[in-house]
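Structure, as structure tokens:
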Amino acid sequence: MSETKFKIGDLIIYPAELMGDPYDDYGVVIDIVDTTLIGSTEPDYAYVIMWAYEGQTTTEEWWWCEENLLLVSRP
């Protein structure tokens, strides 16, 4: 999983124009989980994100994150 777009500790943003509300939602990538199915040769993963606006932690599919989230800063 070293080829992921985001890394643990990255500050990301889900831009307001994508959510349909007036506020950006910031989050921090706190983990990257291996979700590869047993026996599969295709690696799969998901991002675990702690969101600042709602204060919740969610696990999001990699493709959704990499299409919709933007990197703000990397430690």
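If I go through the stretch 30-44 residue by residue, how many of them are in contact with a Phe, Trp or Tyr (Cβ under 7 Å, 6 or more places away or on another chain) and at pLDDT below 95?
Narrowing the stretch 30-44 to residues in contact with a Phe, Trp or Tyr (Cβ under 7 Å, 6 or more places away or on another chain): 32-35.
Checking which are at pLDDT below 95 leaves us with 34-35.
Within the stretch 30-44, residues that are in contact with a Phe, Trp or Tyr (Cβ under 7 Å, 6 or more places away or on another chain) and at pLDDT below 95 number 2.
Being of a type in the set (A, V, I, L, M) and part of a loop (DSSP other than H, G, I, E, B) is the filter; apply it to the stretch 20-52 and report the residue that is farthest from Gly9 (Cα to Cα).
Checking each candidate, the answer is Ile38.
Among the numbered criteria (1) modelled with pLDDT under 95; (2) in a strand (DSSP E or B); (3) charged (D, E, K, R), which one does Glu17 miss?
Among (1) modelled with pLDDT under 95; (2) in a strand (DSSP E or B); (3) charged (D, E, K, R), Glu17 violates only (2).
Can you tell me which residues in the stretch 54-73 are touching a strand residue (DSSP E or B) at 6+ places or on another chain (Cβ under 8 Å), assigned to a loop (DSSP other than H, G, I, E, B) and either touching a residue at least 60 places away in the same chain (Cβ under 8 Å) or under 19 Å from Gly9 (Cβ atoms) (or both)? Even if it seems obvious, please write down each step before you answer.
In the first step, residues of the stretch 54-73 are kept if they are touching a strand residue (DSSP E or B) at 6+ places or on another chain (Cβ under 8 Å); the result is 54, 56-62, 65, 68-73.
Filter again for assigned to a loop (DSSP other than H, G, I, E, B), leaving 54, 56, 69.
Result: Gln56, Leu69.
Can you tell me which residue in the stretch 32-60 is nearest to the chain's Cα centre (by Cα), limited to those that are open to solvent by 60 Å² or more (accessible area, probe 1.4 Å) and hydroxyl-bearing (Ser, Thr, Tyr)?
My answer is Thr59.
Could you check Ser2 against (1) open to solvent by 90 Å² or more (accessible area, probe 1.4 Å); (2) modelled with pLDDT under 85; (3) assigned to a helix (DSSP H, G or I) and say which number it fails?
(3)
The values are calculated or read from the model by the stated rules, or taken from the named source; none is laboratory data. As the structure is a prediction and not an experimental result, all values here were calculated from the model. All Cβ positions, glycine included, derive from the backbone under ideal geometry; neighbour counts span all protein chains shown. With ligands, DNA and RNA removed, areas are computed over all heavy atoms of the protein, side chains included. Shrake-Rupley method; radii C 1.70, N 1.55, O 1.52, S 1.80 Å.
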